[in-house]
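A short reminder: the numbers here are calculations on the coordinates, not readings from a lab. What you see is a predicted model, and the numbers here were worked out from it, not measured in a lab. A quick note on method: Cβ atoms are made from the backbone with ideal geometry, for glycine too, and the neighbour counts reach across all protein chains shown.
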Amino acid sequence: MPPSQDPFYAGLGQAVRIGTELLAALIVGGGLGWIVDTYLLNSTPWSLVVGLSLGGAAGVRNAYRAAQRWQDSSGNSGTQG
Amino acid sequence: MEESPLHPFELHNYIPINVGGLDVSINKAVIMMWVVVVLVTALMLMAGHARQLVPGKLQNIAEWLVEFIRGIILDTMGQDGMRFFPLIGTLFLFIFFCNVLGLIPGTYTVTSQLVVTAAFAVFVYGLSLVLGFFLHGARFLGILIPPGTPVWMLPLMVPIELVSQLARPISLAVRLFANMTAGHTVLAVLFGMVITMPLIPLPLPVRFGLLILLVVLLSARRRIIAFAGTWGLVGLILLGLALATVIWIRWIPFVFTVVINAFEIFIAFMQAYIFTTLTCVYLGDAITPHGHSEHEPAH
């Protein structure tokens, strides 16, 4: 059986993913906020704050989506539990 | 003798080339990439050459790899995604071989350079955008609106979705880069300890005598276990480890180096697998924006 169908590997792959998912969204949100602050609006630090919150929300959303996708696929193939 | 654990990540320019202020020198990473390309091509060509009904060793490996990549694509994109098999397969094989070959001492891990992983990630994400707009036109912007969002939530949800979309290439690039760099730094530190860890100071004859004692103990293990049972075994192991530590304390980092190296092979595979899976997921999102990847379960 190729490991992509092995629930252990698939599960581990999903689990390792989620951490970086949170971090990357924070980086993007904070980075966008910082750019708006420094170069566009000169509004330090308010858009950084807004950007970080948006980034946090987006990160949670990405992680949630990844978990949901995993649940869907494992529920379907009957390997749950 | 003391080297920085980050030394393996330095690039040494072998042939400096400078095109209009752009540094395109031939360095370790470039040569390593060429090696990987040649190796993968040769492996797949040789494996595909025979095409026997009962596969030989090489053909077996190649068939396993193809089957594996096919499994990833079918899991995430469905039958539609098989169009992308050449791209996905190339990506997986290249990243996997870069990761694994970098574990051989003296070689270079190309994927520990952020610029390499970022180039892959930006390419993959850009492809998914181009594909999405090509297939769906302006309606593709609908991926910014999660299905079932009430209108008054849109000012909040669209920026969140925008950030979560932009985070995709970054998470792809950073994940691969960070895993490879961290693993190789740990290996470099441990291997540095094998070379530099101070030994317990003993005159050479004593060290030699202890070594003989250890060998005698090990060769008499049957008799000791027969005489003292399980406790004899436990005592033998503890005494053996203590003797080994006194004689050559560097066996501890050495064993760790070997164990972590094995673990790193697993990580190398895992990271190539994750990168490919996510590539498929993103391309699949571009083909069917709110399609099977989120609601209908994958096959």
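Contour minus end-to-end for B:Gln79 and B:Ile212, with contour as 0.36 nm per residue of separation and end-to-end as the Cα-Cα distance?
41.4 nm
Can you list the residues of the range B:110-148 with backbone N under 11 Å from a point 7 Å past the Cα of A:Val16, pointing along Cα to Cβ?
none
Within 10 Å of each Cβ in peptide B:66-79, how many partner chain Cβ atoms are there on average? Round it to a whole number, please.
The per-residue average across the peptide is 3.
Could you give the nm distance between label points at B:Leu45 and B:Glu67, where each point is 7 Å from its Cα heading toward the beta carbon?
For the pair B:Leu45/B:Glu67, the computed spacing is 2.6 nm.
Using r as the Cβ-Cβ distance of B:Trp34 and B:Val259, and R0 as 22 Å, what FRET efficiency do you calculate, to the nearest 0.05?
The pair B:Trp34/B:Val259 has a calculated efficiency of 0.10.
What is the angle, in °, between the Cα long axis of helix B:204-219 and the longest principal axis of the Cα atoms in chain B? Nearest 10 is fine, range 0 to 90.
With rounding to tens, the tilt is 80 degrees.
Set the Förster distance to 35 Å, then compute FRET efficiency between A:Val60 and B:Leu22 from the Cβ-Cβ distance, nearest 0.05.
Here the calculated transfer efficiency is 0.30.
Within 10 Å of each Cβ in peptide B:152-164, how many partner chain Cβ atoms are there on average? Round it to a whole number, please.
5
So, R0 is 56 Å and r is the distance between the beta-carbons of B:Val246 and A:Gln68; what FRET efficiency does that work out to, to 0.05?
For R0 = 56 Å, the calculated efficiency reads 0.50.
How do B:179-186, B:35-42, B:62-69 rank on mean C-beta neighbours within 10 Å, highest first?
Result, highest mean Cβ count within 10 Å first: B:179-186, B:62-69, B:35-42.
Which residues in the range A:19-35 have a backbone N closer than 17 Å to a point placed 7 Å from the Cα of A:Ser43 along the Cα-to-Cβ line?
Only A:29-35 pass the distance filter.
For the residues A:Val49, A:Val36, B:Val163, B:Val19, what sequence is obtained by ranking on other C-beta atoms within 10 Å, fewest first?
Final ranking by Cβ density, sparse to dense: B:Val19, A:Val49, A:Val36, B:Val163.
Please average, across the residues of A:18-28, the number of beta carbons from any other chain that are within 10 Å of each residue's own beta carbon, and give a whole number.
Per-residue shielding by partner chains comes out at 6.
Given labels modelled 7 Å from the Cα in the Cβ direction, how far is it in nm from B:Thr230 to B:Phe123?
Taking the two extended label points, one gets 5.8 nm.
Among B:83-91, B:235-243, what's the highest-first ranking by average C-beta atoms within 10 angstrom per residue?
Packing proxy ranking, top to bottom: B:83-91, B:235-243.
Can you compute the helix-only [θ] at 222 nm over the protein assembly as shown? Use -39500 (n - 2.57) per DSSP H run of at least 4 residues, normalise by all residues, nearest 500 deg cm²/dmol.
Using -39500 (n - 2.57) per qualifying helix, the result is -25000 deg cm²/dmol.
Distance from the Cα centre of the range B:50-77 to that of the range B:176-192, in angstrom?
Cα centroid to Cα centroid, the span is 31 Å.
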